[in-house]
Amino acid sequence: MKVIVTFGETKVVVPCGTNGDLSIRELIRSATTKYCKLSSYNNNVTNVNSDQVQLRLNNGAVVDPDDRVCDVVDDREE
């Protein structure tokens, strides 16, 4: 399973394991790490604190960091 996380205009694909057992907190940490890594090539971002990132679904709902990915999003959801 994988999901697409959007930071402004930048989108990153984050693998969440076969069944999506990754927690939302771990997803946020992985997404921010990838975003910072990719953005550093463009000198846009040096670091983003994953504790300050809030994940929202396309419908605007905020996702609880303690939930599992498979419980709140579908495969390849943005």
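The values are calculated or read from the model by the stated rules, or taken from the named source; none is laboratory data. Computed from a predicted model, the values in this text were never measured in an experiment. These area figures cover heavy atoms from the full protein model, side chains too; ligands, DNA and RNA do not enter into them. Shrake-Rupley method; radii C 1.70, N 1.55, O 1.52, S 1.80 Å.
Computed quantities for the displayed model
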{"read-out": "Which listed residue, of V14, V48, is at pLDDT below 90, within 13 Å of the chain's Cα centre (by Cα) and open to solvent by less than 50 Å² (accessible area, probe 1.4 Å)", "value": "V48"}
{"read-out": "Counted residues, the range 8-25 - those being of a type in the set (A, V, I, L, M, F, W, C) and assigned to a loop (DSSP other than H, G, I, E, B)", "value": "2"}
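Let's see how each residue does on (1) open to solvent by less than 90 Å² (accessible area, probe 1.4 Å); (2) at pLDDT below 85; (3) among the small types (G, A, S); (4) assigned to a strand (DSSP E or B):
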{"site": "V3", "(1), (2), (3), (4)": "yes, no, no, yes"}
{"site": "T6", "(1), (2), (3), (4)": "yes, no, no, yes"}
{"site": "L27", "(1), (2), (3), (4)": "yes, no, no, no"}
{"site": "A31", "(1), (2), (3), (4)": "yes, no, yes, no"}
{"site": "K34", "(1), (2), (3), (4)": "yes, no, no, no"}
{"site": "Q54", "(1), (2), (3), (4)": "no, yes, no, no"}
{"site": "D66", "(1), (2), (3), (4)": "no, no, no, no"}
{"site": "R76", "(1), (2), (3), (4)": "no, yes, no, no"}
